[in-house]
Amino acid sequence: MKIIIDTETKKITVEQLSENKSMPLFSRDAFELISDQWIKIGWNEKYSYTFTWMGRPIIQLPEDIIRIQEVIYKIKPDVIIETGIAHGGSLIFYASLCKAMGKGRVIGVDIDIRPHNRTAIESHELFPVITLIEGSSTNPRIVRDVKRLIKPEETVFVVLDSNHTKQHVLEELESYHDVVTQGSYIVVTDGIMKDLHDTPLGKTRVGV
Ligand SMILES: C[S@@+](CC[C@H](N)C(=O)[O-])C[C@H]1O[C@@H](n2cnc3c(N)ncnc32)[C@H](O)[C@@H]1O
């Protein structure tokens, strides 16, 4: 595919399979077309690895952080469960929303909480609203441990951001769907992976 951006005529032309399609530069279609390339190039450049939230690295796109904040503020959950902690930035982000809303706590699950990450999370000022659980998110013992921390009347919001293979996400959905309260959500992150396989890093990083 060839994309020609003409800032003088304010048009975008897409050449694909010997067909040409033009659209106004200042249009929703053009924004989507350019955004698709922005996502691919940014992912290949590891753009999502360049942010921190209140001092901890958060592996998210800013757009996603803002959108998930919109949902969390609407739901105002009692409990936010996240699978996939990494450096803890997203847990701290959710905890900061809980603190700002005056409501809620966060449970994070990761198969491997590295000692330096654990130390940094546990010494963070928002740690009082965070519980860390180490183990595979689909291990029945871990699922039981998470569920034990939830009271029956509580509103629960779940984010799946651990191993992004189809099989693992399916098992996570089977493990956690029943804790999500009516009107709340279970968010499966990295649905974008299907669009990234044709980037230079696509072969090595898709599904990780
Ligand atoms: C994409 S990172 C999480 C990023 C984090 N949510 C953030 O926004 O900063 C994925 C994490 O999933 C963890 N992980 C991989 N397989 C897992 C599994 N089976 N159960 C729980 N965590 C897993 C990895 O150890 C890694 O820390």
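Mind listing whichever residues of the range 172-184 are within 20 Å of LEU91 (Cβ to Cβ) and away from the ligand (no atom under 13 Å from the Cβ)?
VAL179, VAL180, SER184, listed by residue number.
Looking only at the range 174-192, which residues are within 21 Å of GLY135 (Cα to Cα), open to solvent by 60 Å² or more (accessible area, probe 1.4 Å) and assigned to a helix (DSSP H, G or I)?
GLU174, HIS177, ASP178
When you look at VAL146, is it β-branched (Val, Ile, Thr), closer than 22 Å to ARG56 by Cβ and more than 18 Å from the chain's Cα centre (by Cα), yes or no?
When the stated conditions are applied, VAL146 passes them.
So which residues in the range 144-171 are open to solvent by 50 Å² or more (accessible area, probe 1.4 Å), assigned to a helix (DSSP H, G or I) and within 12 Å of the ligand (Cβ to nearest atom), if there are any at all?
Within the range 144-171, GLN167, GLU171 meet the criteria.
If a residue has to be touching a Phe, Trp or Tyr at 6+ places or on another chain (Cβ under 8 Å) and within 23 Å of SER137 (Cβ to Cβ) to count, how many in the range 188-200 make the cut?
2
Consider ARG141 carefully, then state whether it is assigned to a helix (DSSP H, G or I), more than 18 Å from the chain's Cα centre (by Cα) and either away from the ligand (no atom under 16 Å from the Cβ) or farther than 23 Å from ARG56 by Cβ (or both).
Judged against the criteria, ARG141 is a match.
Pairs please, first residue from the range 94-108 and more than 15 Å from VAL156 (Cα to Cα), second anywhere and among the polar types (S, T, N, Q), Cβ atoms under 8 Å, 6+ apart in sequence or on different chains.
none
Within the range 119-138, which residues are away from the ligand (no atom under 12 Å from the Cβ) and either surrounded by 19 or more Cβ atoms within 10 Å (Cβ to Cβ) or part of a helix (DSSP H, G or I) (or both)?
THR119, ALA120, GLU122, LEU126, PHE127, PRO128, VAL129, ILE130
I'd like the full set of residues that are within 8 Å of the ligand (Cβ to nearest atom) and either β-branched (Val, Ile, Thr) or open to solvent by 80 Å² or more (accessible area, probe 1.4 Å) (or both), limited to the range 44-88.
Across the range 44-88, the qualifying residues are ILE58, ILE59, THR83, ILE85.
From the set of residues in the range 90-103 that are surrounded by fewer than 23 Cβ atoms within 10 Å (Cβ to Cβ) and of a type in the set (Gly, Ala, Ser), which is farthest from the ligand (Cβ to nearest atom)?
If we take residues in the range 90-103 being surrounded by fewer than 23 Cβ atoms within 10 Å (Cβ to Cβ) and of a type in the set (Gly, Ala, Ser), then GLY102 is farthest from the ligand (Cβ to nearest atom).
Only one residue in ILE75, ILE186, ILE113, ILE150 is in contact with a strand residue (DSSP E or B) (Cβ under 6 Å, 6 or more places away or on another chain), farther than 22 Å from TYR49 by Cα, of a type in the set (Val, Ile, Thr) and free of Cβ contacts under 8 Å to residues at least 60 places away in the same chain. Which one?
Details: ILE75 fails: free of Cβ contacts under 8 Å to residues at least 60 places away in the same chain; ILE113 fails: farther than 22 Å from TYR49 by Cα; ILE150 fails: free of Cβ contacts under 8 Å to residues at least 60 places away in the same chain.
Going through ILE75, ILE186, ILE113, ILE150 in turn, just one is in contact with a strand residue (DSSP E or B) (Cβ under 6 Å, 6 or more places away or on another chain), farther than 22 Å from TYR49 by Cα, of a type in the set (Val, Ile, Thr) and free of Cβ contacts under 8 Å to residues at least 60 places away in the same chain: ILE186.
Tell me whether the range 191-199 contains one or more residues that are at negative phi and within 12 Å of the ligand (Cβ to nearest atom).
Within the range 191-199 (the criterion being at negative phi and within 12 Å of the ligand (Cβ to nearest atom)), the answer is yes, since at least one residue qualifies.
Among the numbered conditions (1) open to solvent by 40 Å² or more (accessible area, probe 1.4 Å); (2) in a strand (DSSP E or B), tell me where VAL106 comes up short.
(1)
The values are calculated or read from the model by the stated rules, or taken from the named source; none is laboratory data. Fair warning: this is a prediction, and the values are worked out from it, not measured in the lab. Cβ atoms come from the backbone with ideal geometry, glycine included; neighbour counts cover every protein chain shown. All accessible areas refer to the heavy atoms of the entire protein, side chains included, with ligands and DNA or RNA removed. Shrake-Rupley method; radii C 1.70, N 1.55, O 1.52, S 1.80 Å.
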